[in-house]
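Data block below; observations after.
The values are calculated or read from the model by the stated rules, or taken from the named source; none is laboratory data. Every value quoted in this text rests on a predicted model; they were computed, and no experiment measured them. We place every Cβ from the backbone using ideal geometry, glycine too, and count neighbours over all the protein chains shown. Accessible surface areas use protein heavy atoms only, side chains included; no ligands, DNA or RNA. Shrake-Rupley method; radii C 1.70, N 1.55, O 1.52, S 1.80 Å.
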Amino acid sequence: MSSEYGRLIWRNGTFMPWEEATVHISSVGHASVSAAFEGVHSYWSATRGALHGFRLRDHMQRLLDSLRLSWLEPEFDADELVAATVELLASWETRGKDLYVRPWGFARGTHREQMVPRGTPAEIAIETWEFESKLGQGRTCTLAVTSWPRFNPGASPASIKVFSNYHNGRLGNIDARARGADWPVFLNGAGHVTESSGSCIALVKRGRLITPDLADGVLDSITRHTLLQLAREELGLEVETRPVERTELYLADEVFLMGTAAEVLPAVEVDGFPIGDGKSAGEVTQAIESRYHDTVRAVTDAHDDWLTPVPASRAR
Ligand code: PMP
């Protein structure tokens, strides 16, 4: 095998035998142009004494969609990936903890070029680790519109979750932090608000919930779908998905980020403009956060179709 690729390989300034230049499976996907991933939460429900994967199947379907648009071919369907995840989660011996799930897929095999051809089989890995939910803890953040425009979704689809999209996210993140804010807000080429680096954004104005349309170049976020549905159906809010101008953020009554990791994260400042009292979450955001909490923690049984129960530990 090694002769086909020569005897040595250069790595991080060192020459080493080809056989020894291994990459741990956890880093292959991140290192590759042709890789897609997911971030999923599974929440412990004290009410039911059980762990539930939240919208696990929807996340697996988005992973498959991301791979499809990347011309990679997985050998597993969404149900098989859900079953594998449940088994993985069940192998944890700790109970009462929330667990994060990171499924990812990347081009199988050794590719000499980054132009991995159409139809390349996808390898899929799923990792899990503990995380701490911040729901209901009064957390807030500050935002800055970054000088890096959002990547053009005509150049790389924004609705799917591929690692290569996160280069733009990272630049915006560093830019926002350099200017003293926690998270960036990206504008697209038309100057419309899109999203943050790892979450979507919404604002509240006169009791209406407003969020950028997917067509403006936004990840097809599962939390966004969830919160829009909860806002409409359970809080009776009017919801608008449409182009949003940056000044609407400055003049909003409330602004928040939403995503698997961000959960519902109220913003108290955008580009130095205080939002609300400039210190704490507004009323509508609090109501949405509380509904989301009750949904993911299975306090209510109104959305059991979004919850995949994980059987008690089957440690392997
Ligand atoms: N936008 C970006 C760029 C993200 O990385 C994420 C996190 N996956 C989101 C939005 C929120 O998506 P979701 O609600 O599906 O986690």
Per the filter on segment 216-247, residues more than 10 Å from the ligand (Cβ to nearest atom), among the acidic types (D, E) and under 26 Å from Y166 (Cβ atoms) are D216, E245
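Of the residues that sit in segment 117-156 and are of a type in the set (F, W, Y) and modelled with pLDDT of 95 or more, which one is nearest to V86 (Cα to Cα)?
F151
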For segment 249-265, the count of residues that are within 24 Å of the chain's Cα centre (by Cα) and more than 16 Å from the ligand (Cβ to nearest atom) equals 2
Output for Cβ contacts, cut-off 6 Å, separation at least six or different chains, first residue in a strand (DSSP E or B) in segment 102-123, second of a type in the set (V, I, T) and open to solvent by 30 Å² or more (accessible area, probe 1.4 Å), reads P103/I126; G105/I124; F106/V28; A107/V116
When G53 is run through (1) open to solvent by 50 Å² or more (accessible area, probe 1.4 Å); (2) within 16 Å of the ligand (Cβ to nearest atom); (3) small (G, A, S), the failure sits at (1)
Among residues of segment 198-215 being near the ligand (Cβ under 7 Å from one of its atoms) and surrounded by 22 or more Cβ atoms within 10 Å (Cβ to Cβ), the residue farthest from the chain's Cα centre (by Cα) is C200
Flagged in segment 115-144 as surrounded by 10 or more Cβ atoms within 10 Å (Cβ to Cβ) and within 23 Å of S66 (Cα to Cα), in numbering order, are V116, P117, T120, P121, A122, E123, I124, A125, I126, E127, T128
Filtering segment 290-305 down to residues that are in a helix (DSSP H, G or I) and open to solvent by 20 Å² or more (accessible area, probe 1.4 Å) yields S290, R291, H293, D294, D304, D305
| task | Inspect all residues belonging to segment 221-230 and state whether any of them is part of a loop (DSSP other than H, G, I, E, B), surrounded by 22 or more Cβ atoms within 10 Å (Cβ to Cβ) and in contact with a Cys (Cβ under 7 Å, 6 or more places away or on another chain). | result | yes
Expected output for segment 283-302 (first residue closer than 16 Å to K205 by Cβ, partner part of a loop (DSSP other than H, G, I, E, B), Cβ below 6 Å, 6+ apart or cross-chain) is A287/L235
